[in-house]
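Trainee: Here's a structure for you.
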Amino acid sequence: MQADAYDSHQPVLLSEVARALKIKTDGIYIDCTFGRGGHSREMLKGLGPAGRILAIDQDFQAVDYAKSLFAEDQRMVIEQCNFSQIVQAAEKYKFDGRVDGILFDLGVSSPQLDDSTRGFSFMRDGPLDMRMNMQEGMSAAQWLERVSAHELEKVIKVYGEERYAKRIATAILQQQKISPLKTTRQLADVVLKTIGRSREHKHPATRTFQAIRVFINRELEVLATALDECVELLAQSGRLLVITFHSLEDQLVKKLFRKHNEPNIPRKLPVVDQFQPKLKRVCKPIKPSESEIAGNPRARSAKLHVMERVVC
């Protein structure tokens, strides 16, 4: 991926993230989804020489770009890993329990969407891949060659929240019997022919692509564990920020907050609960301004959730 593709990307909710993190000059921060580095660069503006940022991404292209961009900046350390390895990465640098802010931006980065070889978008035809880490796991095309009708329908329905899941799954597997789907355009055309265009702003294949991408990368399962583990990495009053883009991600954030804010005991029991909450909400979810959406339509569905580690 060329550097200019990264440089031209517009990070979502950039100023809102910077304000919510309340950057300390000597603070420690983790950017769990480095992507194109927009949020990390904004964090660096508030850091002094003693401050540190741990940048994480499982995409080797993003990591290579990060290393070239920050090669001379001692405040940045970069690791290639996914969400399941965040704690180990933090422990490697002795950051555990000392982190002042952690950011998850759950959107697929523009460089990934715009790179046709990655297979995330049907706007540019390319190989049907969709892997966040192209060095591991099955591509979307390989998975579609093996998946059953029942599993495909379930994936599209659950992870894409698509009401026409059964119809789409049937059409995809019928096409697979004729000629296996190999490109993003081929898959998008099958969905379009099956359900037609809707009145929504989105292309009819958007939910199907989202579902397959989330499933083959195990995004929600890994994210749920990572969010839970990250709570323990935070220093007192450290903040956890999560930028979500669809309701399944919102549900994970709500579940995390309930776990660390509400005692899990039956109601009306005459007991004195010793539960100590670990998180509090700082504010309601923050949405992009109209001007940001006008300049970056991909930000339309973004929400910034801000939580803070409670001082015990």
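The values are calculated or read from the model by the stated rules, or taken from the named source; none is laboratory data. Given the structure is predicted, the values throughout are model-derived calculations rather than measurements. Don't worry about glycine lacking a Cβ; one is built from the backbone with ideal geometry, like all the others, and counts go over all protein chains shown.
Trainee: Could you list all residues from the range 155-172 that are surrounded by fewer than 17 Cβ atoms within 10 Å (Cβ to Cβ), part of a helix (DSSP H, G or I) and out of contact with any Asp or Glu (no Cβ under 7 Å at 6 or more places or on another chain)?
Mentor: Once the filter is applied, which keeps residues that are surrounded by fewer than 17 Cβ atoms within 10 Å (Cβ to Cβ), part of a helix (DSSP H, G or I) and out of contact with any Asp or Glu (no Cβ under 7 Å at 6 or more places or on another chain), the range 155-172 yields Val158, Arg167, Thr170, Ala171.
Trainee: Take Phe60 and decide whether it is closer than 20 Å to Lys92 by Cβ and in contact with a helix residue (DSSP H, G or I) (Cβ under 8 Å, 6 or more places away or on another chain).
Mentor: So Phe60 fails the test.
Trainee: Also, I was wondering about something else. Which count do you get for residues in the range 227-248 that are under 14 Å from Phe83 (Cα atoms) and in a helix (DSSP H, G or I)?
Mentor: So the answer is 5.
Trainee: Let me ask something else about it. Could you list all residues from the range 250-299 that are modelled with pLDDT under 75 and of a type in the set (A, V, I, L, M, F, W, C)?
Mentor: Within the range 250-299, Ile265, Leu269, Val271, Val272, Phe275 qualify.
Trainee: I've got another one for you. How many residues does the range 84-103 hold that are surrounded by fewer than 23 Cβ atoms within 10 Å (Cβ to Cβ) and either in a helix (DSSP H, G or I) or touching a residue at least 24 places away in the same chain (Cβ under 8 Å) (or both)?
Mentor: Of the residues in the range 84-103, 12 are surrounded by fewer than 23 Cβ atoms within 10 Å (Cβ to Cβ) and either in a helix (DSSP H, G or I) or touching a residue at least 24 places away in the same chain (Cβ under 8 Å) (or both).
Trainee: Something else now. Hey, can you tell me all the residues within the range 206-226 that are over 23 Å from Arg185 (Cα atoms) and assigned to a helix (DSSP H, G or I)?
Mentor: Once the filter is applied, which keeps residues that are over 23 Å from Arg185 (Cα atoms) and assigned to a helix (DSSP H, G or I), the range 206-226 yields Glu219, Leu220, Glu221, Val222, Leu223, Ala224, Thr225, Ala226.
Trainee: Moving on to the next point. Suppose we filter Ala5, Ala71 for residues that are at pLDDT below 90 and either basic (Lys, Arg) or loosely packed, with under 13 Cβ neighbours inside 10 Å (or both); which single one remains?
Mentor: Result of the check over Ala5, Ala71: Ala71.
Trainee: In addition: Residues of the range 137-165 being farther than 18 Å from Gly119 by Cα, touching a Lys or Arg at 6+ places or on another chain (Cβ under 7 Å) and either of a type in the set (Lys, Arg) or touching a residue at least 60 places away in the same chain (Cβ under 8 Å) (or both), which ones?
Mentor: Glu161
Trainee: Would you mind telling me which numbered condition in (1) surrounded by fewer than 20 Cβ atoms within 10 Å (Cβ to Cβ); (2) more than 19 Å from Glu229 (Cβ to Cβ) Pro11 fails?
Mentor: (1)
Trainee: Whether any residue in the range 13-31 is in a loop (DSSP other than H, G, I, E, B), at pLDDT below 95 and among the polar types (S, T, N, Q) is what I want to check.
Mentor: no
Trainee: Quick check on the range 173-197: of everything there that is of a type in the set (Ser, Thr, Tyr) and crowded, with 16+ Cβ neighbours inside 10 Å, which residue is farthest from Pro127 (Cα to Cα)?
Mentor: Thr194
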